[in-house]
Amino acid sequence: GPVCATLVELKRLDLLPKEEDFTLLEQLVNVLKPFRDVTIQVQGEQYVTISIIRPLLHHLTENVLQLQETDSSVIKNMKRDMVSNLGSRYQSLSISNLLDCACFLDPRFKSLPFMSEDNR
C-alpha cells in the first residue's frame with residue numbers, strides 16, 4: 001500500500017510491517033468488528049433502552065471475546081482485559097439487578113436465554 005511504498009522510497013525498510021504484523025492486525029479487526037456492529041445497532045435504535053445492555057454484554061463476553069486456540073498472546077491478553085473491563089462496569093449488584101429487571105420487562109427478551117438459571 002501507500003505506506004509501504006513511502007517507506008521504501010524513504011529507504012526506511014526497517015519500518016516495513018512484517019507478515020506477523022499483518023496477521024495481528026487481521027486478528028484485531030476480527031475482534032473489534034463485532035464492537036463496531038454493536039455500536040451501529042445501538043445507534044440505529046430509535047429508542048435505545050437499558051434492556052439491550054445485558055444481551056449485548058453477554059454476546060460480547062461469551063462469544064466475541066472467548067479465547068481461541070488460534071489467538072496470539074496479544075489477542076488473548078486484549079480479550080481478557082476487555083472482558084475484565086466490561087465486567088467491572090456492570091458488576092455492582094444494583095446495576096446487575098436493574099439490567100436483569102429491564103430485560104425481564106422487555107418482551108424481546110422474555111425467555112432470558114443469556115442469563116443463568118439462578119438469575120432467571
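The values are calculated or read from the model by the stated rules, or taken from the named source; none is laboratory data. Keep in mind that what you see is a predicted model, and the values were worked out from it rather than measured. Counting neighbours? That spans all protein chains shown, and the Cβs are built from the backbone with ideal geometry, glycine included. What goes into the accessible areas is simple: the full protein's heavy atoms, side chains included, and nothing from ligands, DNA or RNA. Shrake-Rupley method; radii C 1.70, N 1.55, O 1.52, S 1.80 Å.
Among the chymotrypsin sites (Phe, Trp or Tyr not before Pro) found in the range 1-52, those both in a DSSP coil and sparsely packed, with 16 or fewer other Cβ atoms within 10 Å of their Cβ, are TYR47.
Note on LEU93/SER72: beta-carbon distance plugged into 1/(1 + (r/R0)^6) with R0 of 22 Å gives a FRET efficiency of 0.05. Across the options LEU65, PRO34, GLY87, the greatest Cα extent toward the positive end of the charge dipole of the range 6-94 (unit charges at beta carbon of Lys, Arg, Asp, Glu) belongs to GLY87. 3J(HN,Hα) along the range 86-94: 4, x, 5, 6, 10, 8, 5, 4, 5 Hz, from the Karplus curve 6.51 cos²θ - 1.76 cosθ + 1.60 with θ = phi - 60°, whole Hz, x for Gly and Pro. Along the chain, the longest continuous region that contains none of the GluC sites (Glu not before Pro) in a DSSP loop with at most 11 other C-beta atoms within 10 Å is 70-116. Note on the chain: helix-only mean residue ellipticity at 222 nm, from DSSP H runs of 4+ residues weighted -39500 (n - 2.57) and normalised by residue number, equals -19000 deg cm²/dmol.
A Förster radius of 22 Å combined with the Cβ-Cβ distance from LEU105 to VAL38 puts the calculated FRET efficiency at roughly 0.55. Phi angles of the range 58-74 translate, via the Karplus equation with coefficients 6.51, -1.76, 1.60 and θ = phi - 60°, into HN-Hα couplings of 4, 4, 5, 7, 8, 10, 4, 9, 5, 5, 10, 4, 7, 5, 6, 5, 4 Hz per residue; Gly and Pro are given as x. For the range 1-37, the set of trypsin sites (Lys or Arg not before Pro) satisfying both a DSSP loop assignment and a count of at most 14 other C-beta atoms within 10 Å is given as LYS11, ARG12, LYS18. Of the solvent-accessible surface of the range 1-50, computed with a 1.4 Å probe and all protein chains present, 62% belongs to carbon and sulfur. Other residues with beta-carbon under 15 Å from the beta-carbon of SER92 carry, at +1 per Lys or Arg and -1 per Asp or Glu, a net charge of +1.
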